[in-house]
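Reading through the structure tokens given below for one structure.
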Amino acid sequence: MNLTIIAALLLLQQATMPQQQPQPKSSIEGTVVRITTGEPIADARVVLARGVTGTPLGALPLPALPSSLPATDSASTIIPNPQAPPSSVPTDAQGRFVIQNVEAGSYRITVAANGYARREYGQRAFGSPGTSINVAPGQSFKDIVIRMTPAGNVTGRISDDRGKPAVGAQVQLLRTSYSPNGQKQFQAAGTGKTNDRGEYRLYWVTPGKYYLSAGATSGPTRPLEFGGTGDSPNGIQESYALTYYPGAADLKEATAIEVQAGVELSAIDFTVPLQQLRKVRGRVIDSRTGQRPAAASLSIASRNLTGGSFSMGVSQAYNAADGTFEIRDVAPGSYVVTAQIQEPNQTPALPPSTPGRPSASAPITVATADVDGVVLNIVAPVSIPGRLIVEGQELSSVQGFERMRVQLTQVESMPFSQTPQFQALNSDGTFREDNALPGQYRVSILLMPPDFYVKEARFDQTDVLNKPLAFNGSVPTPLDILLSPKAGQIEGTVMNDKHEPASGIQVVLIPDLHRERGDLYKTSMSTQGGRFTIRGITPGDYKLFGWEAPEQFAYFDSDFVQRFESQAKPVHITESGKLTVEVNVIP
């Protein structure tokens, strides 16, 4: 059969095939208004993005606004579909918007406007997740209303320790948040720089509680800069020590400020000292021999509150003649100093952070004077053996036991530090944690079956479940962990102020004791009919909270929880106990 006939047959086949009709497009219409007065907001940017919960909302590409719009700290999350870029439309003079030609799928709507806190549709509070919209082919959404909260402003003046204006000083607002495992962390929520009078203005700030800092973060030192003030080529850029309002060198001593909607918080003044470079001195000891090592490499590392970090080796810092070291030109801040030595069977090319190298680390704080007397006792990483036992049955009989992991997490995480590496769980319950160095660790079990709980954890005959595992570098006994299949369970209903079932409410179970243990916290979301279920509960006394609009992971904040303690439902859980309760919504 020649090519002409084949081509004709293919054309005939295509002509006789039924043509697939394209799906009709949809539309979304709504209005953006001010939350307190209902007045329309013109020129707001409405962004429609297809996606699912995942990455921070800040990753969502928003169109540029006429002026610099500070990034907000909403915990609402979107992963845009790279094949479907976000649609963006402005609101008109009446605050109305229309998004046409929308394909079927799930979407989230985010709105930004100058002078207002960024908002996601369905978001009940700043930091809480928004609501997705499921669009069917040819569907027309109308009368969507998004209410925006006016942002606040923070202004003040910063002086140096000579009483002169701190010119060109970096100013930053920090907002406290929590990770899923309960670790406190900080997010930058606004940055600025002082002018020639030492004045600063942080504008369009999302209402909430913040810490305010000024000065340079700890890190590599920089030479004196000329013409570096940003607004004039004729200035000298001084370097200022990092200071927290109202003048504290440590965040623990700082005072938080409250930014209210539509309010300018003024006269937030404080003093920051000029940055003086310091020296860090100490000695290195090889604990295995009690002698100074013949050679050692020194490094200094730092991590700022918002996650930025640096690490650098310090050449010529170690004196092999007497085992001492001196690190010069260190700016004030918090650091970790690390010494490592090379074993005979290791290659010199290994980087300092390579697991398995004998090392020692020490946290230090550089402030108004040199730091002396730092002792770095070199130890070699070791393996901690352990055994996981299930009460009343063999571990191998537990479905999915091989997926479980024993995790050792440092109580105070240091930058670029090594963490013990878990090796696979054997059918007899034995395991080991490799490359463990001295420190304090919290013990937790990952991927545990839903109706089990950790009943006991002991190391060197000491309870390490309710307090940290203190590891000094030697391994006298294994880490023994006992699991029980007799976890408790709670079922219940969430009721609103009209005594009606409430759906979409986050129910949080918080222990009365040992609130530092993240594994004791349990959460559930109420479904249609207000129903919820919580499994895998460790026996003990708890309180149930049903927050209507919680900020993400805010229940790890003791100050936040204390405000609502009296509105919680107390419960007592026994082994294998099952409770049925009613929880009231906390507005």
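The values are calculated or read from the model by the stated rules, or taken from the named source; none is laboratory data. All values reported here derive from a predicted model rather than from experimental measurement. Cβ atoms come from the backbone with ideal geometry, glycine included; neighbour counts cover every protein chain shown.
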| message | Here's a check for you: in segment 387-416, which residue that is outside any loop (DSSP other than H, G, I, E, B) and polar (S, T, N, Q) is modelled with the lowest pLDDT? | response | GLN410
| Residues satisfying the stated conditions in segment 85-132, i.e. under 13 Å from MET148 (Cα atoms), under 22 Å from the mean Cα position of the chain (by Cα) and outside any strand (DSSP E or B) | ALA117, ARG118, GLN123, ARG124, ALA125, PHE126
| task | Looking at (1) under 29 Å from ALA568 (Cα atoms); (2) modelled with pLDDT under 95; (3) in a loop (DSSP other than H, G, I, E, B), find the lone condition where LYS486 falls short. | result | (2)
| said: Name the residue that is farthest from VAL507 (Cα to Cα), counting only residues in segment 525-573 that are of a type in the set (Lys, Arg) and under 27 Å from the mean Cα position of the chain (by Cα). | reply: ARG563
| 1 or more residues buried (at least 16 other Cβ atoms within 10 Å of the Cβ), at pLDDT 90 or above and in contact with a helix residue (DSSP H, G or I) (Cβ under 6 Å, 6 or more places away or on another chain): qualifying strands (runs of 3 or more DSSP E) within segment 417-474 | 439-446
| said: Can you confirm whether LEU513 is within 22 Å of ASP451 (Cα to Cα) and assigned to a loop (DSSP other than H, G, I, E, B)? | reply: yes
| Whichever residue in segment 557-573 is without any contact (Cβ under 8 Å) to a residue 24 or more places away in the chain and surrounded by 15 or more Cβ atoms within 10 Å (Cβ to Cβ) and, among such residues, is farthest from GLY540 (Cα to Cα) | PHE560
| Among the candidates GLU238, GLU264, GLU258, residue that is free of Cβ contacts under 8 Å to residues at least 60 places away in the same chain, outside the structural domain of TYR116 (by TED's automatic domain parsing) and either loosely packed, with under 14 Cβ neighbours inside 10 Å or among the acidic types (Asp, Glu) (or both) | GLU258
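Mind checking which residues of segment 396-414 are of a type outside the set (Val, Ile, Thr) and buried (at least 19 other Cβ atoms within 10 Å of the Cβ)?
Initially, segment 396-414 is screened for residues of a type outside the set (Val, Ile, Thr), giving 396-397, 399-405, 407-408, 410, 412-414.
Correct list: PHE401, MET404, LEU408.
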| Can you tell me which residue in segment 243-255 is surrounded by the most Cβ atoms within 10 Å (Cβ to Cβ), limited to those that are hydrophobic (A, V, I, L, M, F, W, C) and at pLDDT 90 or above? | ALA254
| query | Mind checking whether some residue in segment 370-388 is of a type in the set (D, E, K, R), farther than 30 Å from MET448 by Cβ and out of contact with any His (no Cβ under 8 Å at 6 or more places or on another chain)? | reply | yes
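Residue by residue, here is whether (1) within 30 Å of SER334 (Cα to Cα); (2) in the same structural domain as ASN181 (by TED's automatic domain parsing); (3) hydroxyl-bearing (Ser, Thr, Tyr); (4) over 30 Å from the mean Cα position of the chain (by Cα) holds:
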position: GLN393; (1), (2), (3), (4): no, no, no, yes
position: GLY400; (1), (2), (3), (4): no, no, no, no
position: GLN407; (1), (2), (3), (4): yes, no, no, no
position: GLN421; (1), (2), (3), (4): yes, no, no, no
position: SER427; (1), (2), (3), (4): no, no, yes, yes
position: PRO438; (1), (2), (3), (4): yes, no, no, no
position: VAL464; (1), (2), (3), (4): yes, no, no, no
| request: Out of the residues in segment 233-251 that are in a loop (DSSP other than H, G, I, E, B) and among the hydroxyl-bearing types (Ser, Thr, Tyr), state the one that is farthest from PHE270 (Cα to Cα). | output: SER239
| Restricted to segment 267-282, and to residues that are in a strand (DSSP E or B) and surrounded by fewer than 17 Cβ atoms within 10 Å (Cβ to Cβ), which residue is modelled with the lowest pLDDT? | LEU274
| said: Looking at the structure I just gave you, is VAL135 touching a residue at least 40 places away in the same chain (Cβ under 8 Å), buried (at least 19 other Cβ atoms within 10 Å of the Cβ), over 22 Å from the mean Cα position of the chain (by Cα) and not assigned by TED's automatic domain parsing to the domain that holds GLU551? | reply: yes
| Any idea which residue in segment 301-358 is modelled with the highest pLDDT, counting only those that are among the charged types (D, E, K, R) and surrounded by 13 or more Cβ atoms within 10 Å (Cβ to Cβ)? | GLU326
| task | Please report, ordered by residue number, the strands (runs of 3 or more DSSP E) entirely within segment 144-198 with at least 3 residues that are at pLDDT below 95 and closer than 24 Å to THR110 by Cα. | result | 170-178, 184-193
| message | Just to be sure I understand the filter: pairs with C-beta atoms under 6 Å, separated by 6 or more residues or on different chains, first member in segment 308-326 and in contact (Cβ under 8 Å) with a residue 60 or more places away in the chain, second member in a loop (DSSP other than H, G, I, E, B). Which pairs pass? | response | SER309/PRO415; PHE310/GLY219; SER311/PHE416
| query | Pairs, please: C-beta under 6 Å, at least 6 apart or cross-chain, first residue of a type in the set (Lys, Arg) and in segment 394-411, second assigned to a strand (DSSP E or B) and modelled with pLDDT of 90 or more? | reply | ARG405/PHE422; ARG405/LEU446
| In segment 5-46, the residues that are hydroxyl-bearing (Ser, Thr, Tyr), surrounded by fewer than 14 Cβ atoms within 10 Å (Cβ to Cβ) and either in contact with a Ser or Thr (Cβ under 9 Å, 6 or more places away or on another chain) or at pLDDT 70 or above (or both) | THR36, THR37
